[in-house]
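Every number in this text was worked out from the coordinates using simple rules, so none of it is lab data. This one's a predicted model, so the numbers in the text were calculated from it and none came from an experiment. We place every Cβ from the backbone using ideal geometry, glycine too, and count neighbours over all the protein chains shown.
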Amino acid sequence: MKKLDTQFPDFQAELKALLAFETAQNPEIDRIVADICADVQKRGDAALIEYTNRFDGTSAQTIDDLILTQDDLQSAFERLPENIQIALKTAARRVESYHKHQKMESWTYEDEDGTLLGQQITPLDRVGIYVPGGKAAYPSSVIMNAMPAHVAGVKEIIMVVPTPKGERNDIVLAAAFVAGVTKVFTVGGAQAVAALAYGTESVPQVDKITGPGNAFVAAAKRRVFGVVGIDMVAGPSEILVIADGTTPADWVAMDLFSQAEHDEIAQAILIGTSQAYLDEVQTAMNRLIETMPRRAIIEASLGNRGAMILAKDLDEACEIANYISPEHLELSVENPQEWAKKIRHAGAIFMGRYTSESLGDYCAGPNHVLPTSRTARFSSPLGTYDFQKRSSLIQVSEQGVQKLGKTASVLAHGESLTAHARAAEFRLKDNP
């Protein structure tokens, strides 16, 4: 891991270089994705079957071969060992409970002249959730994407998940059953995103697509945005740990590993206020790496984008954290709630030495779909509010229009929009 010190004159430049990640779209990927999306939009199910067989190595003959029903999901759940069933239900229950607190409600109020104003909250009709397949199975992603939609009141939740070589993962399908997914299509890639966005003979068009995927999925989500809504285009996984030296070094080392093991471009950063403690964590990492099944990925990740930063105090550490705006921020310090007040930009804040980031990934309750690549400066975690819409309510009274109509008339004439002005003036008692 790189070693940085805030007291060195080139610290800011080094930090900026550390955080740099090439987010520019790959023209070749964009071209391929554009062709796939256009083909699915034109040929529907036939194109979807063709691309799924080509890219996932399946042998589907009809679209029915790629559809799973509620009975299929329930059967997958029932095939699992009891301890996994309990874990899925526990995680889903906690995520549901947390997201109920986020649910927006409609409201109204009346002006003194009887004019009613307000906001009406309604859920989206139908959403699509993309769940990655391939290298690993992510039942947690199913719960984190589907449960807030369920809490919001979305009537149809359509899940797409690739099944390379036709292998279906029971834990992923069981998570869909527990989280209330309506229907599952065993398709992935840009073709799945296109099917959700445009609709096919069998895949219903959705209003919004959420969930992470590879570069082709990300490019497809960018392309269809506007036809449907999307949650975000996620970058590599990130963790930033601020440690005051009171947490066992082994714990912090494993927390850094927990993000580094995702892939070679994930980022793990530790900020400490003691060089001796940073050295202690490094020693722990050197020892614990021997026990990691994904050692090669962890070492590549830490070597490519990992760092240890020596700060003069926790105030400076928090300011650095605000600049980094990490996806996951662990405050492994005494009095973490007080230090959390100094954090302005982070996807999720994990407070105290007992709160590992991995608890948030699976079962604490808050969503693990979080802004990456410094986008926490202006965006938020996926939540119930992402599956709800707001409509403004306006009911002007006869008394109220006498004042509002004149104001609107003046402003409309100022914009040379005569019909706008006359529409307001017609409702005035003294209209000539």
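Here are a few things to note about the model shown:
- Summary of packing: across the peptides 121-129, 34-42, the per-residue average of other C-beta atoms within 10 Å ranks them, highest first, as 121-129, 34-42.
- Rounded to the nearest 20 debye, the dipole magnitude of the chain is 740 debye, with +1 charges on Lys and Arg beta carbons, -1 on Asp and Glu beta carbons, and the Cα centre as origin.
- For Ile271, the residues whose modelled amide H falls within less than 5 Å of its own, excluding neighbours fewer than 5 places apart on the same chain, are Val241, Ile242, Ala243, Ile309.
- Long pairs among Lys42/Lys155; Lys403/Lys429; Lys103/Lys389; Lys103/Lys183, criterion Cα-Cα beyond 18 Å: Lys42/Lys155; Lys103/Lys183
- Hits among aspartates and glutamates - C-alpha to C-alpha of Lys16 under 17 Å, sequence gap 8 or more where chains match: Asp5, Glu238, Glu316, Glu319, Glu327
- Considering only Ile32, Ile143, Ile349, the Gaussian network model of the chain with Cα springs below 10 Å gives its largest mean-square fluctuation to Ile32.
- Ordering of 216-229, 77-90 by packing is 216-229, 77-90, highest average first (other Cβ atoms within 10 Å, averaged per residue).
- Three-way shape label, the range 336-394, alpha-carbon gyration tensor, a/c 1.5: prolate
- Here the Gaussian network model covers the chain, with springs between Cα atoms less than 10 Å apart; of Arg31, Arg374, Arg93, Arg31 fluctuates the most.
- Of Thr108, Thr273, Thr62, the one that fluctuates the most in a GNM where the chain has Cα springs shorter than 10 Å: Thr108
- Dipole-positive endmost among Ala348, Phe55, Val40 within the chain (Cβ charges, Cα centre): Val40
- Karplus 3J(HN,Hα) series, Hz, for the range 186-199 with 6.51 cos²θ - 1.76 cosθ + 1.60 (x for Gly, Pro): 8, 9, x, x, 4, 5, 5, 4, 4, 4, 5, 6, 9, x
- Lysines whose Cα lies under 18 Å from that of Lys342, excluding same-chain neighbours fewer than 8 positions away: Lys312
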